[in-house]
Ligand code: PLP
């Protein structure tokens, strides 16, 4: 019964360092967030010891009576949040959730139409290095030079390619996705409509982004981005036949035992989302991203699509002498964590890129509002305006450390 500190000092020290990094660096990766201590407590619970192959009340192992209750609560809460009839809370991650959708509804070699990775789509939407691009015949739509999806063009591509499934949803798209337009496109070509709301799920849950229901046939999300839960995946549908196929595709199709501790933590996070205060959080996430975009534009930076409807902004350096990689590194030295990202009309390689993606969900969870985002956005511009001035980066890092200390998210006993 040793504590982590006594059992393994090396890992304990690494965890301590990570806590310090998360506390004093400003986390602005659009896909990251800070879960509550309650979510982490469930994740670190005795459920990590339990095998529970199967589904609630239909297991292949004994002793599942409490695992059943935890998984069922997670399912019921997910259905309540998103207003759907069936949910599978077992996917270990978003990629597994997406893999299960394809495995359930397609045969190898079937055609899929998804958003191009370099235009903001995800690897699992048909990208060549992913199983989705290897096992299926993938076609792509993208964004126009104005950074927006042109739905007429998607319709044209769908009519030419005749996909069995159309994937809508993105990893780096700052504008609202119109699921009703995707439904029209899917209907025009007789395709299944699959919405991957991994990035925007927390906003959808609050009514701050259009819901994929009733338009999509099947919906997936990660649980750890704007939804602020443990790392994991979730699949939802209103169609009983699809639900049955999805369940078999997850288990025994792709996974063995579910992570019961993570499903319990998903239930805890979903309870937080069902609280009325969630709406305030989601509104603030959007307001903070908007402020960020406004300051960047006022300081002469080019934002893809000119602004944002959601939790992120994509900054383009196509007209600058430095790359996304340079900006990512300079901001990192100034204590601001972002990621380099390709932009429409990209001229550099995916490892270098001409843009960065900046998100508001994590800092909003720390309680930061527009006033703090205005300060941070100006510091970002100061760094970018002086990309080679390492002394300035170090000075900004110290200043931001002070700002961060006023918004402590975890104290020493919460991990
Ligand atoms: N779908 C989208 C749109 C994503 O952005 C991501 C992750 O970045 C995923 C799926 C995959 O999630 P995971 O990293 O949990 O496999």
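Here are the numbers for the structure shown:
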| quantity | calculated |
| --- | --- |
| Inter-residue pairs, beta-carbon under 6 Å, first touching a residue at least 60 places away in the same chain (Cβ under 8 Å) and over 20 Å from residue 159 (Cβ atoms) and in region 102-129, second in a helix (DSSP H, G or I) and more than 11 Å from the ligand (Cβ to nearest atom), 6+ apart | 103/249; 103/253; 104/245; 104/246; 104/249 |
| Residue under evaluation residue 388, criteria (1) free of Cβ contacts under 8 Å to residues at least 60 places away in the same chain; (2) not in a loop (DSSP other than H, G, I, E, B), criterion not met | (2) |
| Region 85-126: number of residues that are buried (at least 21 other Cβ atoms within 10 Å of the Cβ), outside any helix (DSSP H, G or I) and within 11 Å of the ligand (Cβ to nearest atom) | 6 |
| Enumeration of residues in region 333-378 that are part of a loop (DSSP other than H, G, I, E, B), more than 22 Å from residue 278 (Cα to Cα) and modelled with pLDDT of 95 or more | 334, 335, 338, 352, 353, 354 |
| Only one of 226, 237, 220 that is away from the ligand (no atom under 16 Å from the Cβ), crowded, with 20+ Cβ neighbours inside 10 Å and at negative phi | 237 |
| Breaking point among (1) in contact with a helix residue (DSSP H, G or I) (Cβ under 7 Å, 6 or more places away or on another chain); (2) farther than 20 Å from residue 404 by Cα; (3) surrounded by 18 or more Cβ atoms within 10 Å (Cβ to Cβ); (4) at pLDDT 95 or above, for residue 323 | (1) |
| Inter-residue pairs, beta-carbon under 7 Å, first farther than 18 Å from residue 307 by Cβ and in region 149-177, second within 16 Å of the ligand (Cβ to nearest atom) and part of a helix (DSSP H, G or I), 6+ apart | 166/182; 167/125; 168/179; 168/182 |
| Selection from region 240-266 of residues that are within 16 Å of the ligand (Cβ to nearest atom) and either under 23 Å from residue 205 (Cβ atoms) or in contact with a strand residue (DSSP E or B) (Cβ under 6 Å, 6 or more places away or on another chain) (or both) | 246, 250, 258, 259, 262, 263, 265, 266 |
| Sole exception among (1) touching a strand residue (DSSP E or B) at 6+ places or on another chain (Cβ under 7 Å); (2) buried (at least 22 other Cβ atoms within 10 Å of the Cβ); (3) touching a residue at least 40 places away in the same chain (Cβ under 8 Å) for residue 205, by number | (1) |
| Scan of region 214-231 for residues that are touching a strand residue (DSSP E or B) at 6+ places or on another chain (Cβ under 7 Å) and over 18 Å from residue 275 (Cβ atoms), ordered by number | 215, 216, 217, 218, 219, 220, 221, 222 |
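The values are calculated or read from the model by the stated rules, or taken from the named source; none is laboratory data. Given the structure is predicted, the values throughout are model-derived calculations rather than measurements. Heads up, the Cβs are rebuilt from the backbone with ideal geometry, glycines too, and the neighbour counts pull from every protein chain shown.
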